[in-house]
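Peer 1: To start, I am sharing the structure in question, which I have written as structure tokens.
The values are calculated or read from the model by the stated rules, or taken from the named source; none is laboratory data. Just so it is clear, the model here is predicted, and its values are computed rather than measured. Ideal geometry is used to build each Cβ from the backbone, glycine not excepted, and the neighbour counts take in all protein chains shown.
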Amino acid sequence: MNMKEHILAALRKQFGRWEGLLASLSDEQITAPHLDGGWSIKDVVAHLWAWQQLSVARMEAAALDREPEFPQWVAELPGDREEDVNLTNARIYEICCARSWSEVVRNWREGFTRLLESAEPFSEKDFLDREKYPWLEGRSTDFRDTVYAIGG
């Protein structure tokens with residue numbers, strides 16, 4: 001198994017773990033604000049989905065050899081969304097807090113699937129290359145820098 005296949009297999013395994021965890025929880029456990037900052041599991045999954053969107057935009061842009069097209073909520077952020085993570089996270093919470101659990105988990109699943117599918121066309125070399133896409137600013141397309149956005 002090459003490195004690309006290994007990374008994608010690990011991500012699929014992580015996805016399965018999340019699915020198992022979420023399936024084991026009641027709606028009350030998912031929506032109760034018992035995590036740090038008063039967040040619920042629903043809020044965390046919505047947060048992961050939002051960051052997935054950045055990874056998907058990068059992967060799809062790399063596949064098409066163009067600059068990424070980020071979602072509108074990203075364009076509305078002042079400054080560098082990755083350097084001012086607290087501001088970005090607050091905006092994500094603001095956007096997603098009123099969404100239903102069914103919408104949040106559906107978006108997250110679709111985003112995870114889309115991210116995995118977007119990696120398939122890449123050769124291992126291109127998948128791991130940190131220099132090929134200048135707009136990645138030294139990040140590779142292989143998710144090592146953005147894997148937490150999936151829940152890793």
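Peer 1: Just to be sure, is residue 30 at pLDDT below 90, surrounded by 15 or more Cβ atoms within 10 Å (Cβ to Cβ), out of contact with any Gly (no Cβ under 7 Å at 6 or more places or on another chain) and among the aliphatic types (A, V, I, L, M)? Spell out how you get there, then give the answer.
Peer 2: Numbers: at pLDDT below 90: no; surrounded by 15 or more Cβ atoms within 10 Å (Cβ to Cβ): yes; out of contact with any Gly (no Cβ under 7 Å at 6 or more places or on another chain): yes; among the aliphatic types (A, V, I, L, M): yes.
No; evaluated as a whole, the condition is false for this residue.
Peer 1: Being within 25 Å of residue 114 (Cβ to Cβ) and touching a helix residue (DSSP H, G or I) at 6+ places or on another chain (Cβ under 9 Å) is the filter here, so list the residues in the stretch 9-30 that pass it.
Peer 2: Within the stretch 9-30, 10, 11, 12, 14, 15, 18, 19, 21, 22, 25, 30 meet the criteria.
Peer 1: Can you give me the number of residues within the stretch 45-75 that are of a type outside the set (Lys, Arg), surrounded by fewer than 16 Cβ atoms within 10 Å (Cβ to Cβ) and at pLDDT 80 or above?
Peer 2: Of the stretch 45-75, the ones of a type outside the set (Lys, Arg) are 45-57, 59-65, 67-75.
Now narrow it down to the ones that are surrounded by fewer than 16 Cβ atoms within 10 Å (Cβ to Cβ): 63-65, 67, 69, 71-72, 75.
Then keep just the ones that are at pLDDT 80 or above; that gives 63-65, 67, 69, 71-72.
Count: 7.
Peer 1: Does residue 120 fit the bill of being farther than 23 Å from residue 15 by Cα, of a type outside the set (A, V, I, L, M, F, W, C) and loosely packed, with under 13 Cβ neighbours inside 10 Å? Full working, then the answer.
Peer 2: On the way: farther than 23 Å from residue 15 by Cα: no; of a type outside the set (A, V, I, L, M, F, W, C): yes; loosely packed, with under 13 Cβ neighbours inside 10 Å: yes.
Considered against the rule, which asks whether it is farther than 23 Å from residue 15 by Cα, of a type outside the set (A, V, I, L, M, F, W, C) and loosely packed, with under 13 Cβ neighbours inside 10 Å, residue 120 comes out as no.
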